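What follows is a single structure, written as structure tokens, with notes after it.
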Amino acid sequence: MMDARYDVIVVGGGVAGLSGALALARARRSVLVVDAHQPRNASADHVHNYLGRDGVAPAELRAVGREEVSRYGGEIVAGRVGTATKDTDGFLVTLDGGQRARARRLLVATGLVDTLPDVPGVAERWGRDALHCPHCTGWEVRDRTIGVLATAAMSTHRAAVWRQWSPHVVLLLHGGPAPTGDEAEWLAALDITVVAGRITELVVAGDALTGVRLAGGEVVALDAVVVTPRYDARADALAALGLSPVSMEVAGHVIGTHVPADPGGTTAIPGVWVAGNVTAVGDHMITAAAAGLTAAVAINADLAVEDTRAAVDAYRRRLAADAAVRAASE
Ligand SMILES: Cc1cc2nc3c(=O)[nH]c(=O)nc-3n(C[C@H](O)[C@H](O)[C@H](O)COP(=O)(O)OP(=O)(O)OC[C@H]3O[C@@H](n4cnc5c(N)ncnc54)[C@H](O)[C@@H]3O)c2cc1C
């Protein structure tokens, strides 16, 4: 791929990037996907709420996606884009290994990084029984004992949502302030137990969470613990383009960063689109895939405008040349 040229380079080959690449390859655009193979849900065994493929392994879904992109001539390479720059000749993408490729447009679908709360054991159980997304894994822990770790804003609200999946929900304050007023009333009304103490570690037996240990040594028995990560866009490669992530807030609380874009994925840098979790932290697999398709449609339309302008210029030059030949022969 050294110095190869493409219509579009897709940075990131998760579902957002692959879905965009599929639509572009089917639109007969030359496409290169560069993927570092570190998708966000790598630790999960199954994907849920992906209509038609509910329960599929994440790696299998992406492998099928890569095969579909390749079927239409899309190229896929394993690697990490270190930098992307723009000059009069379009975009130049440089991989960490030094390989380079050029493109007329970029689709950036690099996802996000989840920074987990600093409680021993959470990282090891992440995506298995340390969970964050009720719609992804709530069904799998239905009616079990679920502890909601209150390290972020809106924990009472989160506990109330998880109550939909189980009558046994415990709010773990981890040394933080106890809810008061309306929030205290919600907890009482929903029979959500509140545990005040600071947690020192997750307790695991065999290969399953059995509880959390409090600073006093007491263990609160649990089948799953809900944690709230900080979400940061993976956007280092875009810095040279001047496309930096900005802070993201929910109800006045900073929850991470994202690359701003309009709902179709258009960014502030002409020619650069984004799709999936890099811009929309709330995207699930199927909505990230849909965002990749939406961006691809917009990119193809943008290229069609450029192609038409070039065709019109060539057409006018041809007419002018024909007219000049006719004038010379008269
Ligand atoms: C534990 C867990 C379980 C989940 N379960 C579900 C579920 O059941 N159902 C559901 O709908 N959603 C689930 N999600 C959410 C789901 O993971 C995201 O919606 C989805 O991964 C977003 O897709 P994406 O393509 O935007 O990003 P990703 O899937 O993260 O893909 C981004 C890709 O870009 C690559 N990349 C990043 N930077 C570069 C670079 N510079 N150069 C090249 N490549 C790069 C990464 O390595 C990665 O392969 C889960 C999330 C987690 C954390």
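The values are calculated or read from the model by the stated rules, or taken from the named source; none is laboratory data. None of the values given here were measured: they were computed from a predicted structure. Cβ coordinates were reconstructed from backbone atoms using ideal geometry, including for glycine residues, and neighbour counts include every protein chain displayed.
Just to verify a result, which residue in the stretch 101-112, among those that are under 16 Å from the mean Cα position of the chain (by Cα) and either part of a strand (DSSP E or B) or free of Cβ contacts under 8 Å to residues at least 24 places away in the same chain (or both), is nearest to the ligand (Cβ to nearest atom)?
Only one residue fits best here, namely Leu112.
Within the stretch 268-284, being surrounded by fewer than 24 Cβ atoms within 10 Å (Cβ to Cβ) and either touching a residue at least 40 places away in the same chain (Cβ under 8 Å) or near the ligand (Cβ under 7 Å from one of its atoms) (or both) holds for Ile269, Gly271, Val281, Asp283, His284. Just so you know, in the stretch 118-133 the residues that are more than 10 Å from the ligand (Cβ to nearest atom) and surrounded by 18 or more Cβ atoms within 10 Å (Cβ to Cβ) include one that is nearest to Asp54 (Cα to Cα), and it is Asp129.
Checking Asp143, Asp129 one by one, the residue that is touching an Asp or Glu at 6+ places or on another chain (Cβ under 8 Å), among the acidic types (Asp, Glu) and at pLDDT 95 or above is Asp129 and no other.
Here Arg100 fulfils each of the conditions (1) closer than 30 Å to Asp7 by Cα; (2) in contact with a Ser or Thr (Cβ under 7 Å, 6 or more places away or on another chain); (3) surrounded by 20 or more Cβ atoms within 10 Å (Cβ to Cβ) apart from (3).
Test Trp139 against the criterion of being surrounded by fewer than 20 Cβ atoms within 10 Å (Cβ to Cβ) and either basic (Lys, Arg) or within 19 Å of Tyr50 (Cβ to Cβ) (or both), and give yes or no.
Values: surrounded by fewer than 20 Cβ atoms within 10 Å (Cβ to Cβ): yes; either basic (Lys, Arg) or within 19 Å of Tyr50 (Cβ to Cβ) (or both): yes.
It is true that Trp139 is surrounded by fewer than 20 Cβ atoms within 10 Å (Cβ to Cβ) and either basic (Lys, Arg) or within 19 Å of Tyr50 (Cβ to Cβ) (or both).
For His135, the criteria (1) under 29 Å from Val203 (Cβ atoms); (2) assigned to a loop (DSSP other than H, G, I, E, B) hold in every case but one, which is (2). Only one of the numbered conditions (1) in contact with a strand residue (DSSP E or B) (Cβ under 8 Å, 6 or more places away or on another chain); (2) more than 30 Å from Ala205 (Cβ to Cβ) is violated by Asp87, and that is (1).
Of the residues Leu303, Leu243, Leu238, which single one is part of a loop (DSSP other than H, G, I, E, B) and either touching a His at 6+ places or on another chain (Cβ under 8 Å) or in contact (Cβ under 8 Å) with a residue 24 or more places away in the chain (or both)?
Values: Leu303 fails: part of a loop (DSSP other than H, G, I, E, B); Leu238 fails: part of a loop (DSSP other than H, G, I, E, B).
Being part of a loop (DSSP other than H, G, I, E, B) and either touching a His at 6+ places or on another chain (Cβ under 8 Å) or in contact (Cβ under 8 Å) with a residue 24 or more places away in the chain (or both) holds for just one of Leu303, Leu243, Leu238, which is Leu243.
For (1) outside any strand (DSSP E or B); (2) of a type in the set (Gly, Ala, Ser); (3) closer than 26 Å to Pro260 by Cβ, each residue gets a yes or a no:
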| residue | (1), (2), (3) |
| --- | --- |
| Val34 | no, no, yes |
| Asp45 | yes, no, no |
| Arg53 | yes, no, no |
| Ala59 | yes, yes, no |
| Val69 | yes, no, no |
| Thr94 | no, no, yes |
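For the residues Ala296, Ala328, the requirement of being surrounded by 12 or more Cβ atoms within 10 Å (Cβ to Cβ) and either aromatic (Phe, Trp, Tyr) or part of a helix (DSSP H, G or I) (or both) singles out Ala296. Which residues, counting only those in the stretch 1-32, are away from the ligand (no atom under 14 Å from the Cβ), assigned to a loop (DSSP other than H, G, I, E, B) and modelled with pLDDT of 95 or more? Within the stretch 1-32, Ala27, Arg28, Arg29, Ser30 meet the criteria.
Which of the residues spanning the stretch 41-82 are among the basic types (Lys, Arg), surrounded by 20 or more Cβ atoms within 10 Å (Cβ to Cβ) and within 6 Å of the ligand (Cβ to nearest atom)? Walk me through it before giving the result.
The initial filter retains those residues of the stretch 41-82 that are among the basic types (Lys, Arg), namely 53, 62, 66, 71, 80.
Now narrow it down to the ones that are surrounded by 20 or more Cβ atoms within 10 Å (Cβ to Cβ): 62.
Selection gives nothing.
In the set (1) farther than 22 Å from His258 by Cα; (2) surrounded by fewer than 13 Cβ atoms within 10 Å (Cβ to Cβ); (3) within 29 Å of the chain's Cα centre (by Cα), Thr115 fails one condition alone, (1). Here Thr83 qualifies as among the hydroxyl-bearing types (Ser, Thr, Tyr) and in contact with an Asp or Glu (Cβ under 9 Å, 6 or more places away or on another chain).
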